[in-house]
Amino acid sequence: MQQIQNALIGLSAAALVFLSPQTAQSQVKAIVGASIVDLDGGAPIRDGVVVIEGERISAIGPAGSTPVPTGAEVIRADGMWLVPGLMNMHQHFGFILPGKMQAELANEKDTELALRVADNARQTLLAGVTTVRPPGDSRSAAIALSKAIDKGQAIGPRIFSAGEAVPITAGHGAGEVTYDGPYELIKAVRERVAAGAVWIKIMISGGIATQSGAIGKATMTPEEMEAVIDAAHRFGRKVTAHSGSPQATTTAVELGIDCIEHGYMLDRETLVKMKEHGTWLVPTMVVTQPATQPFFEKIGSPEWYLKRRDSVGKEHWKMLQTAIEVGVNIAIGTDQLPHEPNDGTIATVREAEYYVAAGMTPLQALRSGTIETAKLLDADEDIGSLEIGKYADILAVPSDPTQDISALRQIQLVMKGGSVYVNDMTSGSLASGQ
Ligand SMILES: [Zn+2]
């Protein structure tokens, strides 16, 4: 335990407290003194109390009517604002991008990958992101990690992994193993279900990181898409697709796909269709917007990659504005590591700021990284808001994020499932209850 604490403290300048899930489950805690944000747009609870028993919230309300149980561990959060833990629906903990990074990790062993993935997951949680959905795992490492986190063997967010993405020959993300035609794709879906994937990820258009196939072109046939969607839904798995193409997206939406990633070149007509079908969009704006330039320099991205990226930046931005105007379901995803430094904050928060700049209210942007995202995951009975019975995945920030989303730049408390992972609040570290 001491070693883990030391390792955590090494990551953050301020005080960090880590309790194992076993310890947390046996304790009652109360966060007191903070305002509690209402995700439905109502007035916040002032001087609120959140009581946590084990992993879940057992009471929440104003101090006057919400007693702190005798013996509870009291966490003072005076002047802070409490929001649910952030969620990020697009990241790859085993990410390898073209360029210097690819060269450095060319011969990475399974064991080395597992440790890198575990480190990325730990940093994700410490940054305030308590739930993730990796749409494209590396050698099923995120599935293994998810199990380890659930057992308390590793520290990280809740993981809803899509397992390995399903590539077609010459398509985006194609490696040594590819799948073509309905039968091979059905087999690929079932292999992933067997491996523990709770989502299925396909690539139905070209992408930035792969030189073959235009970003706006539909590379997968309708018969192939239909086979994947049907096979996945039969096992109760949702399907999401990498797509920059209006044509590919329209076909997939009509065939009942659940979610679209990036959407670089989607036009109004396609977005209206998504709205009509209730299809979700995970925009990953940080990938194409200027603030991410230093990141690409850091990892030594080649010229061709940067050109492909720049070629879609303006269209991608217009797409987001239109999607917000049309009212498409939007969930935050970055395609950068959730905690990756971006423009003075982390990628997840920068992504939310882009949504506000493109037309969302701060409350809408906050919802797109919490309760809306939980709905996308079919997990809104357990996570996504601060309510009795839900997991105590809670952040504290020093100002009201429904007024200014950039309040999320200063996350000072990270609790997941009742365990405190970060407590930088000036009002004191964990105080013992009376
Ligand atoms: Zn991705």
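The values are calculated or read from the model by the stated rules, or taken from the named source; none is laboratory data. What you see is a predicted model, and the numbers here were worked out from it, not measured in a lab. Note that we place each Cβ from the backbone using ideal geometry, even for glycine, and neighbour counts take in every protein chain shown.
The figures follow:
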| quantity | calculated |
| --- | --- |
| Leading residue by the ranking (surrounded by the fewest Cβ atoms within 10 Å (Cβ to Cβ)) among those in region 50-82 that are touching a residue at least 12 places away in the same chain (Cβ under 8 Å) and polar (S, T, N, Q) | Thr70 |
| Val49, sole failed condition from (1) within 16 Å of the ligand (Cβ to nearest atom); (2) at pLDDT 95 or above; (3) not charged (D, E, K, R) | (1) |
| Number of positions in region 366-383 that are of a type in the set (S, T, N, Q) and over 19 Å from Ile411 (Cα atoms) | 1 |
| Check on Asn107, assigned to a loop (DSSP other than H, G, I, E, B) and out of contact with any Gly (no Cβ under 7 Å at 6 or more places or on another chain) | yes |
| Selection count, region 257-308, where residues are farther than 17 Å from Leu97 by Cα, more than 19 Å from the chain's Cα centre (by Cα) and of a type in the set (D, E, K, R) | 6 |
| Filter result (in a helix (DSSP H, G or I) and within 16 Å of the ligand (Cβ to nearest atom)) within region 267-286 | Met285, Val286 |
| Evaluation of Asp150 against (1) out of contact with any Ser or Thr (no Cβ under 8 Å at 6 or more places or on another chain); (2) within 24 Å of Glu351 (Cα to Cα); (3) not β-branched (Val, Ile, Thr) (one fails), failing number | (2) |
| Criterion violated by Ala188 - all others in (1) within 16 Å of the ligand (Cβ to nearest atom); (2) small (Gly, Ala, Ser); (3) over 24 Å from Pro338 (Cα atoms) satisfied | (1) |
| Residues that are within 18 Å of Ser301 (Cβ to Cβ) and away from the ligand (no atom under 16 Å from the Cβ), drawn from region 100-115 | Lys100, Ala103, Glu104, Leu105, Ala106 |
| Within region 391-408, tally of residues that are in contact with a Lys or Arg (Cβ under 9 Å, 6 or more places away or on another chain) and not in a loop (DSSP other than H, G, I, E, B) | 3 |
| Residues that are within 16 Å of the ligand (Cβ to nearest atom) and either of a type outside the set (Ser, Thr, Tyr) or farther than 16 Å from Thr131 by Cα (or both), drawn from region 340-367 | Glu340, Asn342, Ala347, Glu351 |
| Residue in region 352-374 that is of a type in the set (Gly, Ala, Ser), in contact (Cβ under 8 Å) with a residue 40 or more places away in the chain and at positive phi present | no |
| Matching helices (runs of 4 or more DSSP H) fully within region 287-374 where at least 3 residues are farther than 25 Å from Arg122 by Cα and touching a Gly at 6+ places or on another chain (Cβ under 7 Å) | 303-326 |
| Members of region 340-349 found to be farther than 30 Å from Glu276 by Cβ and buried (at least 24 other Cβ atoms within 10 Å of the Cβ), listed by number | Ile346, Ala347, Val349 |
| Selection status of Leu39, assigned to a helix (DSSP H, G or I) and more than 16 Å from the ligand (Cβ to nearest atom) | no |
| Odd one out for Leu126 among (1) within 22 Å of Trp199 (Cα to Cα); (2) more than 16 Å from the ligand (Cβ to nearest atom) | (1) |
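Let's see how each residue does on (1) among the acidic types (Asp, Glu); (2) more than 16 Å from the ligand (Cβ to nearest atom); (3) in contact (Cβ under 8 Å) with a residue 60 or more places away in the chain:
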{"residue": "Gly173", "(1), (2), (3)": "no, no, yes"}
{"residue": "Ile204", "(1), (2), (3)": "no, no, no"}
{"residue": "Thr240", "(1), (2), (3)": "no, no, yes"}
{"residue": "Ala252", "(1), (2), (3)": "no, yes, no"}
